[in-house]
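Remarks on the structure that follows.
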Amino acid sequence: MRYVFDSGPLIWMFKYYYPERFPSLWKKFDGLVEDEQIISVKEVSRELEGQDDLLSQWVRDNKSFFQLPVANEFQIVTDIFQIPHFQTLIRKQERLLGKPVADPFVIAKAHSIGGCVITTEKYKANAAQIPNVCAHFNIPCMDLERFMKEEDWTF
């Protein structure tokens, strides 16, 4: 299984799983990144850049991790936004400020490669969040804890 990471799990990993305290976690993570079993999208890097922290440095040092969309992914994004309820994935403030919005591109990448979305968002009835969109389009989606369980990571 290939995994497409949203920004939330990356933020959590760098905030709570310090590389110097969890070296075996980072060795496993780095191995999956190197094998391109864990990837993300360019819009996630745009959401994460601009800080002066370890995560932002990692983003700058790992540009190839954040892939550009391919042609069929734009059609998937279009399909997502043809459903009026899912148009709220892009909040009004983000539109007005021109902020990056990664969610539809993360979902499209996972659909395109037959992968699974990894997010910190939770499924909520009638919500327009990543797990809801994934459920609608039959795209596997899980949180960071379940990802670690699926990969049989123990520390």
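The values are calculated or read from the model by the stated rules, or taken from the named source; none is laboratory data. Worth saying up front: this structure is predicted, and the values here are computed from it rather than measured. Quick reminder, even Gly has a Cβ in these numbers, built from the backbone with ideal geometry, and neighbours come from all protein chains shown. Note: areas computed on protein heavy atoms with side chains; ligands, DNA, RNA excluded. Shrake-Rupley method; radii C 1.70, N 1.55, O 1.52, S 1.80 Å.
Descriptive notes on the structure:
- Scanning segment 83-92 for residues that are open to solvent by 30 Å² or more (accessible area, probe 1.4 Å) and either part of a helix (DSSP H, G or I) or modelled with pLDDT of 95 or more (or both) gives 84, 85, 87, 88, 92.
- Residue satisfying condition, being part of a strand (DSSP E or B) and not aromatic (Phe, Trp, Tyr), within set 106, 117: 117
- Residue check for residue 80: in contact (Cβ under 8 Å) with a residue 60 or more places away in the chain and open to solvent by less than 20 Å² (accessible area, probe 1.4 Å): no
- Out of 69, 9, sole residue that is within 14 Å of the chain's Cα centre (by Cα) and within 27 Å of residue 155 (Cα to Cα): 9
- Each residue in segment 120-140 was checked for being without any contact (Cβ under 8 Å) to a residue 60 or more places away in the chain, closer than 12 Å to residue 8 by Cβ and either part of a loop (DSSP other than H, G, I, E, B) or in contact with a helix residue (DSSP H, G or I) (Cβ under 6 Å, 6 or more places away or on another chain) (or both), and 2 pass.
- Top-ranked residue in segment 45-70 [being more than 19 Å from residue 18 (Cα to Cα) and among the basic types (Lys, Arg); ranked as most open to solvent (accessible area, probe 1.4 Å)]: 63
- Scanning segment 113-128 for residues that are modelled with pLDDT of 95 or more and either under 12 Å from residue 5 (Cβ atoms) or crowded, with 18+ Cβ neighbours inside 10 Å (or both) gives 115, 116, 117, 118, 119, 120, 121.
- Inspection of segment 3-21 finds no residue satisfying the criterion of being open to solvent by 60 Å² or more (accessible area, probe 1.4 Å), more than 19 Å from residue 145 (Cβ to Cβ) and not acidic (Asp, Glu).
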